[in-house]
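Since the structure comes first, as C-alpha cells, the remarks are kept for the end.
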C-alpha cells in the first residue's frame, strides 16, 4: 500500500524526471543549470520551429522577435501625449497583490480582487510614483484583451499593429492556425506582483521597458502547489479614515467561488502561509526566468507562474517617469486539453486525497 510518505516521494521523482527532459544537467563547477535554462533563441522561430516548441511544452526566450514599431513607447511623455485624457481601468490594492489569497482576521482565506478606478495616463503615472510609501499600489493589469476592448487604449493598439496593420509574431499565428484570442498591455512598477497561477493559453509575453522575473513550476508539479478548495471572492474597497485613504476587503456579491494556489511564491517556505501547505515542503526549487526589455518569453499553457517586475530608470525624463511596460498575446491552446489535462487533473486529485479534501462528484 502506498502511504503518505511514498506518495510524496513518487511525486518528487515524477517532478525530477520531468525536469530532466528540459533542464540541462549541471556541468563543471556550476552546481545549477540556471545559466543554461531556459533556451534562448537568437531570433524569431519559423512557424514549424514554434509548433515543435508548443508540442514539447517548453518555455523559451526569444531575442529580436519584435521590430522597432514600439520604439516610441520608451518615452513616457510620448505615451502621455498618445493617450491624452482618455480614461481606462487601473487596479488598486494596499499591497500590490491583486488577484491573490488573503487571510482574514477570523482565519478564513478568501480570494481578493483589486479595486478599480478610471484614470487617464497622467493620473496613472502619479499613482505609480506616489509621494507616500503608504499610498495604494496601482497597476494597469486588466486581462480582458484591454488593447482591443478598451477604446481609450486604442492608440497603443494602433502602435502595436505597426505599418503592416497586423499583430507581430506571424509565425505564432501560422503555427497555431489561429489569431490571438486576447491582446493585453501591462504598465506598472516593482510595487506590484502577480501571484502563482496558471493559464490555459499559449502565452507570448514581450517586455518593452523594464524587466519581468517569472517564477515557474511545470504542470507535472501540480501536486505540490496546493490548489485548495474554491475560495469566497472579496474585493478591496476604499476606506477613508482620519489617517488617510485605506482599503478594506468586502465580499463581492454574486461572484462564484474561485480555486487558487495557496502557495506564496514570494515568501520563504517557513512563512505562515507556506508552512501551512504540507506538500509544498517537498517541492523542488522553482525555475526562474528573467525577461529583459526587448525580449519575448514563450510560456506554454498550463505552466504555473508568479511574476515580479522592475521599472526602468525613466531615461532622460527621470525616475518619476520609470515604467515597466509589457504586452502579451494569448492563444487558445489545443495542446493543453489532451492527455496533459488528464495528468494535471490526476495530480490535483492526488493532492486532494493527500490533504483529505477530495470529493468525488
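Just so you know, all these numbers are worked out from the coordinates, no wet-lab data involved. A quick note: this is a predicted structure, and the numbers were derived from the prediction, not measured. Note that we place each Cβ from the backbone using ideal geometry, even for glycine, and neighbour counts take in every protein chain shown.
What to note about this one:
- Strands (runs of 3 or more DSSP E) wholly inside region 42-109 containing at least 2 residues that are surrounded by 12 or more Cβ atoms within 10 Å (Cβ to Cβ) and in contact with a helix residue (DSSP H, G or I) (Cβ under 7 Å, 6 or more places away or on another chain): 88-93
- Of all the listed residues (145, 152), the sole one being at positive phi and in contact with a strand residue (DSSP E or B) (Cβ under 7 Å, 6 or more places away or on another chain) is 145.
- Residue 160 satisfies every condition listed in (1) in contact with a helix residue (DSSP H, G or I) (Cβ under 7 Å, 6 or more places away or on another chain); (2) surrounded by fewer than 19 Cβ atoms within 10 Å (Cβ to Cβ); (3) touching a residue at least 40 places away in the same chain (Cβ under 8 Å); (4) more than 17 Å from residue 124 (Cα to Cα) except (2).
- Looking across region 190-200 at every residue that is crowded, with 23+ Cβ neighbours inside 10 Å and assigned to a strand (DSSP E or B), the one that is nearest to the chain's Cα centre (by Cα) is identified as 194.
- Strands (runs of 3 or more DSSP E) wholly inside region 201-309 that include at least 1 residues being under 29 Å from residue 136 (Cβ atoms), in contact with a helix residue (DSSP H, G or I) (Cβ under 8 Å, 6 or more places away or on another chain) and in contact (Cβ under 8 Å) with a residue 12 or more places away in the chain: 201-209, 287-292
- Single condition residue 357 does not satisfy, out of (1) closer than 29 Å to residue 229 by Cβ; (2) in a helix (DSSP H, G or I): (2)
- One residue from 126, 69, 82 being on the phi < 0 side of the Ramachandran plot and touching a strand residue (DSSP E or B) at 6+ places or on another chain (Cβ under 9 Å): 126
Here is a yes/no grid of residues against (1) loosely packed, with under 13 Cβ neighbours inside 10 Å; (2) more than 30 Å from residue 132 (Cβ to Cβ):
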| residue | (1), (2) |
| --- | --- |
| 312 | no, no |
| 324 | no, no |
| 334 | no, yes |
| 339 | yes, yes |
| 357 | yes, yes |
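- Residue within region 180-187 that is under 22 Å from residue 266 (Cα atoms), surrounded by 19 or more Cβ atoms within 10 Å (Cβ to Cβ) and touching a residue at least 60 places away in the same chain (Cβ under 8 Å) present: yes
- Against the conditions (1) under 13 Å from the mean Cα position of the chain (by Cα); (2) surrounded by fewer than 22 Cβ atoms within 10 Å (Cβ to Cβ), residue 279 satisfies every one except (1).
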